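Read through the structure below, which is laid out as structure tokens, and then see the notes.
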Amino acid sequence: MNCEAAGGAKAPARLCLSALSREIPRTVIRSLSLAVVLLLGRLTSIVAQSPAAVESSAVVVAGSDTLLVAASQAIAQGLPYRASRMLDPVLRDSARRTPEALLLAAMAASRWGGWAEVARLLEGSGWSDARLRGPALLLAARAAVELGRDTVAGTHAREALDALGDPNARAEALVVLGRAEERLGARDSAAAAYSRAADLVPTVGDWLRLRTAAVTADTLRRATLYASTRLAVAKGRVPATEASARERFGDLIGAGTFYLRLGSPATALRLRLAASADTVARNELRHELVAFIGAPAPAAEARAAIGVLDSAFGKLAPEEELVVARAAGPAGIPARAADGFPRAFAAGLGEIPDRFDYAGALFRLGRYTDAAVAYAGVPAREPLGGTAAYQRGRALLRAGQLEEAKQVLRDVARHFSKDTTAATPALWVLADLAADDRNDDEARKLFRQLAHRFPETRFAPGARLQAALIALLRGHAKDAAREFESLAAAPRAGDESIAALYWAGRAWAEARDSARARERWRGVMDRDPASYYAGLSERRLDAATWSPPAVPDSFVPVPDLDSAMVRAALLSRLGLTEEARYEREEIAREADRSVDRLLAAAGAFRSAGFASLGIRLARRAVARGATADARLYRLLYPVVSADALVAESKSQGLEPGLVAALIRQESLFDPAATSGAGARGLMQVMPDVGATVARGRGFTEWDPVLLWQPDVSLAIGTVHLAELVARYREPVRVLAAYNAGISRVDRWAQKNGMDDAEVFAERIAFVETRDYVRIVQRNRDLYRVLYGW
């Protein structure tokens, strides 16, 4: 790659990074990169080396062993676990188990987080080869520090320093040494290591000086270090660093003052409590904690305060339990609410809303039968009575008590007819259950009743759409067309307006009025060309898929943005992941200064492998009026690990565009994404599913951490997706099953008209899954036109 702009001018570093990262994903420029450097041709600066040079030098290092060549190339492409699997037969063959092969295997394992495997591979090797000794020792040091073996890490890091010459690599070793010494309590030695590293890599020296300050006891020395900080984003971290240092060196009150200024009152209270041995003072702080928990606060602060109170005082008084239980639900800890409320209730405390919140906590914990009982304890005459009754019906449904749930929901619709928060969802669920029973006449009656009685609610447009759809399925095409037309023209139709216009076309086509049908579909394409319904209309009209105006992916030069991206990459290489995150957060904040800067930052994040950040910035650019061209859409619909995505998709007989579309909806192309339910990685695979698929694919070892590795997530996720394709064939059902599970799809399939894929998509019971299926299908169309798939 030639990192020069047209006319021979020096191109911005971001452009060099951008071009290179299409071949070498961000994992290659993360920590421990010196091992990559030597094994791929002693690259002294990854951001300045060409992909071609990487490939050719890999061949030179690997010699005649083609598996080593392939493995080194897989690592360069961001496929480290694939490299590990390639190298397995090499390591099993004593004739081929060379030091180069061991180091390559260790480096691959480090890329997917297999630190125990790294340590095992490198243990006991003498590393007499001077070319390999330094990288091997550095890799062993990093593995040891990640595994908490700090003494070993320190030893290996010192040995690596004696064997390494490259300043960046030496700085990397010093950071590992500093981390190990810090955890061993040798703070002066840690400070010395960080300070030496700062001298070696002045680009990120400010960050390393902050690390030095954090382990420096002398306040004047810390002040000197802070005064030498020039980088604005690093200067912004000075108060947090000072708070951490004061806490570390026993000035708990002073640290608490800083944390209070930083907006962390729970931490400040914890430190004040730790500093106080006086019973009276501790009781006062206990009252402060309870008062803080009882007042509105950010969820994270409330969780922290509850944790401090519980750990410091153990058993709480019933009054305190009530305060904690009330805060625990909104703070995201329903288990603590479910424990605290009964203790308060037993003492005669609590009000009706507390009973309701207790039931909600049980529901979130999956204790549906208990939740139904708790909801029944909310009297019908109370303001929350109707909502509690509806939620009781939902809990009974989840508990599998179908007939009792239906009766409860009927009672809600009848007795709480003026309570829209209860009656409208109850009618919707009853209508959907009737459809499940193939009783469409009853379902249509209930949907129409909902829309007629509660026309101003958010449920009304959807109920009108479902009622008209049933009329179409029952053979009343003209009636359905008129109902769809009326909804499409309604001022409060919202998102259902475009759907109604499309289905009006379907209804007119069924009524043999092709002219009106085609007119409605053209109207959909004109009103919202990027929508799911526009895609359906395009296929009905045999029209080309809409695509945004073609423009190249070029962005205005932003020198300070380029510098920040380079710093973030170097910090990641050194293992300073928090500092790298602060740099990226600052880039995102600064991007708001203009639309051009938003687009440039989005492109830089995408190129560096942080596509999810790029998507967020691109969305902000859209809100600021950015031109809706192909450049913008490629930022909104990016691809990470494209080679692996295409390869794994095709190996399973899947369309790459469908896989990319699914990933965008599942994780926004964030390899580290983790759902509340525990699904991980690009394709949001649950660990138990991952383990099952891994066994079937012959993985030699398995660790759920692998699901955060892009190539593993793609390998496992595409197998799972292919299994669903084999079961259902139709993409609508495949996607619904991927989102909601096989059992639900099989249940939904019993409704009338579900042989029609478009009808299936509309009659999915869960709003989340219904939207998911629509969005992923339109994403697929966009990926096809944006990337030529």
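I need the full set of residues from the stretch 282-313 which are open to solvent by less than 40 Å² (accessible area, probe 1.4 Å) and charged (D, E, K, R), in order please.
301
List the residue pairs whose Cβ atoms are under 7 Å apart, where the first residue sits in the stretch 567-586 and is in contact (Cβ under 8 Å) with a residue 60 or more places away in the chain and closer than 14 Å to residue 171 by Cα, the second is β-branched (Val, Ile, Thr) and in a loop (DSSP other than H, G, I, E, B), and the two are 6 or more positions apart or on different chains.
Pairs found: 570/201.
When the residues of the stretch 685-698 are filtered to those that are more than 30 Å from residue 785 (Cβ to Cβ) and either open to solvent by less than 50 Å² (accessible area, probe 1.4 Å) or in contact (Cβ under 8 Å) with a residue 24 or more places away in the chain (or both), which remaining residue is nearest to the chain's Cα centre (by Cα)? Full working, then the answer.
The initial filter retains those residues of the stretch 685-698 that are more than 30 Å from residue 785 (Cβ to Cβ), namely 686-698.
Of the ones still in play, those that are also either open to solvent by less than 50 Å² (accessible area, probe 1.4 Å) or in contact (Cβ under 8 Å) with a residue 24 or more places away in the chain (or both) are 687, 689-691, 693-694, 698.
Working: 687: 15, 689: 18, 690: 17, 691: 20, 693: 22, 694: 22, 698: 28 Å.
That would be 687.
The rows are residues; the columns are (1) closer than 23 Å to residue 746 by Cα; (2) open to solvent by 20 Å² or more (accessible area, probe 1.4 Å); (3) touching a residue at least 24 places away in the same chain (Cβ under 8 Å); (4) basic (Lys, Arg).
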{"position": "395", "(1), (2), (3), (4)": "yes, no, yes, no"}
{"position": "410", "(1), (2), (3), (4)": "no, yes, no, yes"}
{"position": "413", "(1), (2), (3), (4)": "no, no, no, no"}
{"position": "424", "(1), (2), (3), (4)": "no, no, yes, no"}
{"position": "429", "(1), (2), (3), (4)": "yes, yes, yes, no"}
{"position": "436", "(1), (2), (3), (4)": "yes, yes, yes, no"}
{"position": "454", "(1), (2), (3), (4)": "no, no, yes, no"}
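From the list 682, 636, 632, which residue is within 24 Å of residue 602 (Cβ to Cβ), over 21 Å from the mean Cα position of the chain (by Cα) and at pLDDT 95 or above? Can you show your working first?
Working: 682 fails: over 21 Å from the mean Cα position of the chain (by Cα); 636 fails: over 21 Å from the mean Cα position of the chain (by Cα).
Being within 24 Å of residue 602 (Cβ to Cβ), over 21 Å from the mean Cα position of the chain (by Cα) and at pLDDT 95 or above holds for just one of 682, 636, 632, which is 632.
Please find, among 733, 770, 729, the residue that is more than 27 Å from residue 398 (Cβ to Cβ) and basic (Lys, Arg).
After ruling out the rest, the residue left standing is 729.
I want to confirm something. Restricting to the stretch 489-515 and keeping residues that are open to solvent by 20 Å² or more (accessible area, probe 1.4 Å) and small (Gly, Ala, Ser), which single residue is nearest to residue 471 (Cα to Cα)?
That would be 511.
So residue 116 ticks every box in (1) over 15 Å from residue 700 (Cα atoms); (2) open to solvent by 30 Å² or more (accessible area, probe 1.4 Å); (3) hydrophobic (A, V, I, L, M, F, W, C) but one. Which box is left unticked?
For residue 116, the failing item is (1).
What is the residue count in the stretch 70-105 for residues that are surrounded by 24 or more Cβ atoms within 10 Å (Cβ to Cβ), part of a loop (DSSP other than H, G, I, E, B) and aliphatic (A, V, I, L, M)?
1
Please indicate, with yes or no, whether at least one residue in the stretch 118-126 is hydrophobic (A, V, I, L, M, F, W, C), under 24 Å from residue 74 (Cβ atoms) and outside any helix (DSSP H, G or I). Walk me through it before giving the result.
At the first step, the residues of the stretch 118-126 found to be hydrophobic (A, V, I, L, M, F, W, C) are 118-119, 121-122.
The next check asks that each one be under 24 Å from residue 74 (Cβ atoms); those that pass are 118-119, 121-122.
Retained after the next criterion (residues that are outside any helix (DSSP H, G or I)): none.
Looking through the stretch 118-126, none of the residues is hydrophobic (A, V, I, L, M, F, W, C), under 24 Å from residue 74 (Cβ atoms) and outside any helix (DSSP H, G or I).
Residue 747 - would you say it is free of Cβ contacts under 8 Å to residues at least 24 places away in the same chain, surrounded by fewer than 19 Cβ atoms within 10 Å (Cβ to Cβ), charged (D, E, K, R) and at negative phi?
Values: free of Cβ contacts under 8 Å to residues at least 24 places away in the same chain: no; surrounded by fewer than 19 Cβ atoms within 10 Å (Cβ to Cβ): yes; charged (D, E, K, R): yes; at negative phi: yes.
Spelling it out, it is not the case that residue 747 is free of Cβ contacts under 8 Å to residues at least 24 places away in the same chain, surrounded by fewer than 19 Cβ atoms within 10 Å (Cβ to Cβ), charged (D, E, K, R) and at negative phi.
Of these, 369, 387, which one is in a helix (DSSP H, G or I), surrounded by fewer than 16 Cβ atoms within 10 Å (Cβ to Cβ) and of a type in the set (Ser, Thr, Tyr)? Spell out how you get there, then give the answer.
On the way: 387 fails: surrounded by fewer than 16 Cβ atoms within 10 Å (Cβ to Cβ).
Just one listed residue meets the conditions, 369.
Please go through the stretch 372-384 and give me each residue that is open to solvent by less than 70 Å² (accessible area, probe 1.4 Å) and of a type in the set (Val, Ile, Thr), ordered by number. Lay out the reasoning, then the answer.
In the first step, residues of the stretch 372-384 are kept if they are open to solvent by less than 70 Å² (accessible area, probe 1.4 Å); the result is 372, 374-380, 382, 384.
Selection gives 378 alone.
Provide a single number: the residues in the stretch 487-538 that are within 17 Å of residue 763 (Cα to Cα) and of a type in the set (D, E, K, R).
Residues meeting the conditions: 3.
On the given criteria, is residue 281 outside any helix (DSSP H, G or I), out of contact with any Ser or Thr (no Cβ under 7 Å at 6 or more places or on another chain), farther than 24 Å from residue 211 by Cα and modelled with pLDDT under 95? Break it down into steps so the answer makes sense when it comes.
Values: outside any helix (DSSP H, G or I): no; out of contact with any Ser or Thr (no Cβ under 7 Å at 6 or more places or on another chain): yes; farther than 24 Å from residue 211 by Cα: yes; modelled with pLDDT under 95: yes.
When the stated conditions are applied, residue 281 does not pass them.
Quick check, is residue 165 open to solvent by 60 Å² or more (accessible area, probe 1.4 Å) and of a type in the set (Gly, Ala, Ser)?
So residue 165 passes the test.
Consider residue 323 carefully, then state whether it is of a type in the set (Val, Ile, Thr) and in contact with a helix residue (DSSP H, G or I) (Cβ under 8 Å, 6 or more places away or on another chain).
Working: of a type in the set (Val, Ile, Thr): yes; in contact with a helix residue (DSSP H, G or I) (Cβ under 8 Å, 6 or more places away or on another chain): yes.
So residue 323 passes the test.
Would it be correct to say that residue 126 is under 18 Å from residue 706 (Cα atoms), modelled with pLDDT under 95 and open to solvent by 20 Å² or more (accessible area, probe 1.4 Å)?
Details: under 18 Å from residue 706 (Cα atoms): no; modelled with pLDDT under 95: yes; open to solvent by 20 Å² or more (accessible area, probe 1.4 Å): yes.
It is false that residue 126 is under 18 Å from residue 706 (Cα atoms), modelled with pLDDT under 95 and open to solvent by 20 Å² or more (accessible area, probe 1.4 Å).
If you check residue 246 against the conditions, is it under 18 Å from residue 168 (Cα atoms), open to solvent by 20 Å² or more (accessible area, probe 1.4 Å), among the basic types (Lys, Arg) and touching a helix residue (DSSP H, G or I) at 6+ places or on another chain (Cβ under 6 Å)?
Details: under 18 Å from residue 168 (Cα atoms): no; open to solvent by 20 Å² or more (accessible area, probe 1.4 Å): yes; among the basic types (Lys, Arg): yes; touching a helix residue (DSSP H, G or I) at 6+ places or on another chain (Cβ under 6 Å): yes.
The answer is no for residue 246.
Consider the stretch 321-358. How many of its residues are among the basic types (Lys, Arg) and open to solvent by less than 50 Å² (accessible area, probe 1.4 Å)? Before the answer, list the steps.
As a first pass, look at the stretch 321-358 and keep what is among the basic types (Lys, Arg): 326, 336, 343, 355.
Now restrict to residues that are open to solvent by less than 50 Å² (accessible area, probe 1.4 Å): 336.
Number satisfying all stated conditions: 1.
Scanning the stretch 544-568 for residues that are hydrophobic (A, V, I, L, M, F, W, C) and part of a helix (DSSP H, G or I), which turns out nearest to residue 523 (Cα to Cα)? Break it down into steps so the answer makes sense when it comes.
Step one: filter the stretch 544-568 for residues hydrophobic (A, V, I, L, M, F, W, C), giving 544, 546, 550-551, 555-556, 558, 561, 564-566, 568.
Of the ones still in play, those that are also part of a helix (DSSP H, G or I) are 561, 564-566, 568.
Numbers: 561: 43, 564: 46, 565: 44, 566: 48, 568: 47 Å.
Only one residue fits best here, namely 561.
So which of 212, 229, 257, 224 ends up being polar (S, T, N, Q) and closer than 26 Å to residue 276 by Cα? Lay out the reasoning, then the answer.
On the way: 212 fails: closer than 26 Å to residue 276 by Cα; 229 fails: closer than 26 Å to residue 276 by Cα; 224 fails: closer than 26 Å to residue 276 by Cα.
Going through 212, 229, 257, 224 in turn, just one is polar (S, T, N, Q) and closer than 26 Å to residue 276 by Cα: 257.
Here is a check on your reading of the model: is residue 316 open to solvent by less than 40 Å² (accessible area, probe 1.4 Å) and not in a helix (DSSP H, G or I)?
Numbers: open to solvent by less than 40 Å² (accessible area, probe 1.4 Å): yes; not in a helix (DSSP H, G or I): yes.
When the stated conditions are applied, residue 316 passes them.
Mind listing just one residue for me: the one in the stretch 750-784 that is touching a residue at least 40 places away in the same chain (Cβ under 8 Å) and either in contact with a strand residue (DSSP E or B) (Cβ under 8 Å, 6 or more places away or on another chain) or of a type in the set (Lys, Arg) (or both) and, of those, farthest from residue 728 (Cα to Cα)?
Restricting to residues being touching a residue at least 40 places away in the same chain (Cβ under 8 Å) and either in contact with a strand residue (DSSP E or B) (Cβ under 8 Å, 6 or more places away or on another chain) or of a type in the set (Lys, Arg) (or both), the top hit is 784.
Among the numbered criteria (1) within 20 Å of residue 782 (Cα to Cα); (2) surrounded by 15 or more Cβ atoms within 10 Å (Cβ to Cβ), which one does residue 471 miss?
(1)
Which condition does residue 240 not pass, out of (1) open to solvent by less than 30 Å² (accessible area, probe 1.4 Å); (2) over 17 Å from residue 226 (Cβ atoms); (3) small (Gly, Ala, Ser), if it passes all the others?
(2)
Within the stretch 516-543, which residues are in a helix (DSSP H, G or I), open to solvent by less than 70 Å² (accessible area, probe 1.4 Å) and either more than 17 Å from residue 757 (Cα to Cα) or without any contact (Cβ under 8 Å) to a residue 12 or more places away in the chain (or both)? Walk me through how you get there before you give the answer.
Residues of the stretch 516-543 in a helix (DSSP H, G or I): 516-527, 532-540.
Adding the requirement that they be open to solvent by less than 70 Å² (accessible area, probe 1.4 Å) leaves 517, 520-521, 523-525, 532-538.
Hits for the stretch 516-543 are 517, 520, 521, 523, 524, 525.
Filter the stretch 619-663 for residues that are open to solvent by less than 10 Å² (accessible area, probe 1.4 Å) and closer than 23 Å to residue 714 by Cβ and give the result. Before the answer, list the steps.
Step one: filter the stretch 619-663 for residues open to solvent by less than 10 Å² (accessible area, probe 1.4 Å), giving 621, 630, 632, 635, 638, 644-645, 649, 657, 659-663.
Hits for the stretch 619-663 are 635, 638, 644, 645, 649, 657, 659, 660, 661, 662, 663.
The values are calculated or read from the model by the stated rules, or taken from the named source; none is laboratory data. This is a predicted model, so every value here is computed, not measured. Here Cβ is always computed from backbone atoms with ideal geometry, including for glycine, and neighbour counts include all displayed protein chains. The protein model used for the area step is the full one, side chains on, heavy atoms only, and it has no ligands, DNA or RNA in it. Shrake-Rupley method; radii C 1.70, N 1.55, O 1.52, S 1.80 Å.
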